[in-house]
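Worksheet: one structure, shown below.
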Amino acid sequence: MKRIYVNEMWCLGCHLCEYYCAYANSGIQDMVKALKDKQIQARITVEQRGTISFAVNCRHCTEPLCIKSCIAGAITSKDGVIVIDQSRCVLCYSCIMACPYGALMPAREGVMQKCELCTTNSQGQPACIQGCPNKAIVFEER
Amino acid sequence: MGINYLYPPFEIIRNQDRCIACRVCERQCANLVHHYDEDKKRMTADESLCVNCHRCVSLCPTRALKIVKTDHTFKENANWKTEVIEDIYRQAQSGGVLLASMGTPKEYPVYWDKMLINASQVTNPSIDPLREPMETRTYLGKKSAKITRDGEGRIITSTTGQLKLDIPIMFSAMSYGSISYNAHKSLAMAASELGTFYNTGEGGLHKDFYQYGKNTIVQVASGRFGVHPEYLNAGAAIEIKMGQGAKPGIGGHLPGSKIGEDISATRMIPLHADAISPAPHHDIYSIEDLRQLVYALKEATRYTKPVIVKVAAVHNISAIASGIARSGADIIAIDGFRGGTGAAPARIRDNVGIPIELALASVDQRLRQEGIRGNVSLVVGGSIRSSSDVIKAIALGADAVYIATSALVALGCHLCRTCHSGKCNWGIATQNPELVKRLNPEVGSQHLVNLLTAWNHEIKEMMGGMGINSIEALKGNRLMLRGIALHETELKILGIAHAGQ
Amino acid sequence: MHYVMIGNSIASTACIEAVRAIDAEGSITVIGEEDHPCYSRPLISYLLQGKTDENRMVYRSEAFYEENKVTVMRGVRAQSIDREEKTVCLENGISLWYDKLLLATGSSPFIPPIKGLEEVKNRFTFLTLDEAKRLESNLRKESRVLILGAGLVGLKCAEAIIDKVQSVSVVDLAPRVLMSVLDDAASEQVRTHLQKQGLRFFLGDSIAECTPNEALLQSGTVIGFDLLVIAVGVKPNIQIALEAGLDVNRGILIDEGGRTSDADVFAAGDCTEGPEMIIGRKTVLALLPNAYLQGETAGTNMAGGTASFDKAVAMNALSLMGLHLITVGRYEGTSHLVPCKDGYKRLFVKDNHLVGCILVGEAGKRSGIYTAMIRNKVELDSLNFDLICEEPLLMAFAKSVRQQQLGGPV
């Protein structure tokens, strides 16, 4: 299965992945309208300290502890893509406690959100990958 | 501090309606132009620091930025133009030589744009390169004047000591030091994939790049930086650099600040010591001296590698080329005065040397007249900008071309001409690790491969249009060119007729 | 192969998934005492809050059972097990033959002996859907609710009903709230937070005696109530295992593979007492993730695969009126109290390993990184401990580890 992999040595810490992610999942056609004057809600996070930076999002584990810990049965695997049914989420944070990558975070709407590889929005391909200027994150089969 | 006479040349126009304050402009500008104003909750910029490299413009996800030329003016004066006045201010303040980078921006004639290419109509058929073979492969090196046959009458072909190019385009010399590790790697990877060559420049060959040896031309220049037997044998050819189009007659200077550990090891010079290339080779004062170096290098590589002699296009270039063709060199590379550089004195860059088109035409002509054209291949560089420039150069007599500025542009260079600052935001002309990493060679080499693949397609199309199916048949075929808006002397030097004739 | 699972729960659902990953053919029968589809018990408080409903509480869709060819018998109790004959006898007389049996019998509320308790008509527990619904139907705007127990269940119940009733009082013998999962300081933060939301606490106190509408506390305080919720704790349901002669302590004893003392009988979930990784002995960990992981392990082994669940630790994620608490592991060794802008963070280190953490509020962000450090026994001298104390970041790991984490197989 194609996954997002991080090439840390090429990450520039530009944070564009976060913005493209937030835009892709906003459901709004216009990026400006989607993001202007808003606290962005990205499902990918850039860790940055000094000269080191890299992006982190869901690894879509083959043994997903988030699914096993979710009290609401809201997180499931769809052909290997770990997705969350936000209508079932009760924001208990069990998945936050479970995820070894720290890849789940609350969304604005009082439910959790996570990277679903842009399979549930209109992107087709992960928006973060498309927005990365330096191939610091790639979407491929390994 | 005194009075600052210089007004910033650019204005940064930010469309605040579109700016989402993602701060990518701020994070990506090594010149510290942009910053976020916490009080106003919006981005602002100090345009006096801007070099107009477009890094921010290119990365802005909402296209909220553009950079425009300031409309601040001096009182109009055709003689005392703005840049003339400003240069005087600069020198009056600094007392120093004005430094500049890349090729000259001055408005000299570009003869490529004053020549037109022929096409077949009715009386001779054009060729469809998608249906019929079209050869863009070419070999560089000495060509035998006589055909020799073996006992059974078969032609003896010898291509030893030849460079085989799948496309008639090579990447010209840019040293590791003047450009970054990643830029160098991009060029090496692309040359390797394209079946052509890149050139180390005077910076030696980083140990990581020996693997690209068969697509590498190693250079020996006046500073002899990084030259050792292993280096000479690592590449496919050796280039003696006598001169460079952007700065004929002078040497080079890589400041000690750029001589980090890797570069110091590669150039074989002390850490943080200035790398100064002398203006002349101190062992070359005549063609005979040059011949000694050519053969010294051939000895060092057991006569397996062709030797290139690179010179800048200057006034009596054809006589110089004639001498080189007799020196034992296999290839002459001529660099026109519009060629680029990482740093050169502005006055020299903008005023010394001659255009490559005229130099090429006169050299080809002269070597033919003297019957020694086959002694050498001719490679020309100095602002080859497109596939049609390549076609025109070959038709004027070149065997192949060198490109560098075009290659850098493909890597992201926006020709802001501040390479000498060392703060290249595109990770090309810098040694700052944080900037160098901005150029991922995987991306860079792909862009180079794409560019030359595209050019090769266009070359094939244009050759087919002329009814020509190989580079060899186009070479020196000046009938395929016509001048436009050129006067007689120019046409005579170029050896072409005027359009309509 | 016949698989029988007693208990229609998270553990048995995980067991079904694991069995089916190996054995597509064997018959699977699940016996559920409650007449509901398998639901997640921790959701009952959210149901009362209106954050979920009975449809959404269903843990796996009907299609799941169809696809996996599972027979679910609901509303029927398993009476006994005959290990010789390998049969399970149901209370309706039916007897089921098994090759492999899973006991996922869960736990029941513990009811302390209190004088007069049986006289209280409006008395509830808060563990099952039916109890939650019964409680809900008895709530009135003017109700005064008394909850006995300031643990996880008691406080979730309080949160669920506080906006629906006149008052909620909580009594606990312990001197502070969430005694079993929090330290003093975190407890204090939680209590303050909950008091601000209107909860009344009577801590370090207990009900000495009840009348139908009043509780007399040990301290002498008298609290009037309309509804009484007993939430002092749970006990594993071990009766059927005990009677079948399986090794039982507080819970049904299992090994890392989910096996009981009988090679064909497995157990998983709240009813078990299994090996805990930090203290290295068996303990009851009645927590949902644990139930899933135990059920999954048991299922794999029941179907002939090999699985071992050797990473059992206590872990709780709990939100109480907007305040999020996350606790993992054990509170032993050296403690590191990390100053937090917004919240509370205490990490526990023992023998070069992180063994536990208490995180309140914002401090819980990305806390799974701590959980993984605990579960994987990451050597603390292999990473930047100061940094990871400050914030759970992958940055703190060695570059090679990070490359594995983000660029390696998953």
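The values are calculated or read from the model by the stated rules, or taken from the named source; none is laboratory data. Predicted, not measured: the structure shown is a model, and the values here were computed from it. FYI the Cβ positions are ideal-geometry reconstructions off the backbone, even for glycines, and counts take in every protein chain you see.
When A:E63 is tested against (1) closer than 23 Å to C:M321 by Cα; (2) out of contact with any Cys (no Cβ under 7 Å at 6 or more places or on another chain); (3) not small (G, A, S), only condition (1) is not met. Taken over the range C:202-211, the criterion of being within 12 Å of C:A150 (Cβ to Cβ), surrounded by fewer than 19 Cβ atoms within 10 Å (Cβ to Cβ) and of a type in the set (A, V, I, L, M, F, W, C) is satisfied by C:L203 alone.
When the range A:82-118 is limited to residues that are part of a loop (DSSP other than H, G, I, E, B) and among the aliphatic types (A, V, I, L, M), the one that is farthest from C:E362 (Cα to Cα) turns out to be A:L117. Based on this model, can you work out whether B:Y36 counts as more than 14 Å from every other protein chain (Cβ to nearest Cβ) and either at pLDDT 95 or above or touching a His at 6+ places or on another chain (Cβ under 7 Å) (or both)? Considered against the rule, which asks whether it is more than 14 Å from every other protein chain (Cβ to nearest Cβ) and either at pLDDT 95 or above or touching a His at 6+ places or on another chain (Cβ under 7 Å) (or both), B:Y36 comes out as no.
If you check B:A119, B:A145 for being surrounded by 11 or more Cβ atoms within 10 Å (Cβ to Cβ) and assigned to a loop (DSSP other than H, G, I, E, B), only one passes: B:A119.
The selection criterion, being in the same structural domain as B:F209 (by TED's automatic domain parsing) and in contact (Cβ under 8 Å) with a residue 24 or more places away in the chain, holds for B:P355.
Selection of first residues in the range A:75-101 that are at the interface with chain C (Cβ under 7 Å from one of its Cβ atoms) and of second residues that are assigned to a strand (DSSP E or B) and not aliphatic (A, V, I, L, M), restricted to Cβ pairs under 8 Å at least 6 apart or on distinct chains, gives the following pairs, ordered by first then second residue: A:L91/A:P106; A:L91/C:S319; A:C92/C:S319; A:Y93/C:S319; A:Y93/C:H324; A:M97/C:N316. Looking only at residues that are charged (D, E, K, R) and assigned to a loop (DSSP other than H, G, I, E, B) in the range C:16-52, which one is farthest from the other protein chains (Cβ to nearest Cβ)? Step by step, filter the range C:16-52, then rank; the result is C:E25. The single residue among A:K114, A:K78 that is among the basic types (K, R) and surrounded by fewer than 18 Cβ atoms within 10 Å (Cβ to Cβ) turns out to be A:K78. When B:E86 is tested against the conditions (1) touching a residue at least 60 places away in the same chain (Cβ under 8 Å); (2) in a loop (DSSP other than H, G, I, E, B), the lone failure is (2).
Residue count for the range C:358-403 under the criterion of being within 12 Å of chain A (Cβ to nearest Cβ), in a loop (DSSP other than H, G, I, E, B) and of a type in the set (D, E): the result is 1.
If you go through the range A:23-50 and keep only what is within 9 Å of chain B (Cβ to nearest Cβ) and under 21 Å from A:V111 (Cα atoms), you end up with A:Y23, A:A34, A:L35, A:K38, A:I40. Quick check on my filter: what residues within the range A:4-22 are assigned to a strand (DSSP E or B) and more than 7 Å from every other protein chain (Cβ to nearest Cβ)? If the condition is that a residue be assigned to a strand (DSSP E or B) and more than 7 Å from every other protein chain (Cβ to nearest Cβ), then A:I4 is the only one that fits. Of the candidates B:I471, B:I428, B:I484, the single residue that is touching a strand residue (DSSP E or B) at 6+ places or on another chain (Cβ under 6 Å) and closer than 23 Å to B:Q244 by Cα is B:I428.
Out of curiosity, is C:V355 away from chain A (no Cβ under 14 Å) and surrounded by fewer than 21 Cβ atoms within 10 Å (Cβ to Cβ)? When the stated conditions are applied, C:V355 does not pass them.
Based on this model, can you work out whether C:D270 counts as assigned to a loop (DSSP other than H, G, I, E, B), touching a strand residue (DSSP E or B) at 6+ places or on another chain (Cβ under 8 Å), of a type outside the set (S, T, Y) and farther than 30 Å from C:I162 by Cα? So C:D270 fails the test. Checking the stated criteria, B:Y303 turns out not to satisfy the condition of being among the aromatic types (F, W, Y) and closer than 19 Å to B:A333 by Cβ. Scanning the range A:51-73 for residues that are within 15 Å of the chain's Cα centre (by Cα) and facing another protein chain (nearest Cβ under 7 Å) gives A:F54, A:V56, A:R59, A:H60, A:C61. Out of everything in the range B:57-83 that is out of contact with any Pro (no Cβ under 8 Å at 6 or more places or on another chain) and part of a strand (DSSP E or B), what residue ends up being nearest to B:C25 (Cα to Cα)? Ranking the qualifying residues of the range B:57-83, first place goes to B:L65. All of (1) of a type in the set (A, V, I, L, M, F, W, C); (2) modelled with pLDDT of 95 or more; (3) touching a strand residue (DSSP E or B) at 6+ places or on another chain (Cβ under 9 Å) hold for B:C419 with one exception: (2).
Kindly state which helices (runs of 4 or more DSSP H) lie completely within the range B:314-419 and contain at least 1 residues that are within 19 Å of B:M102 (Cβ to Cβ).
In the range B:314-419, B:346-351, B:356-369, B:387-396, B:405-410 are the helices (runs of 4 or more DSSP H) which contain 1 or more residues that are within 19 Å of B:M102 (Cβ to Cβ).
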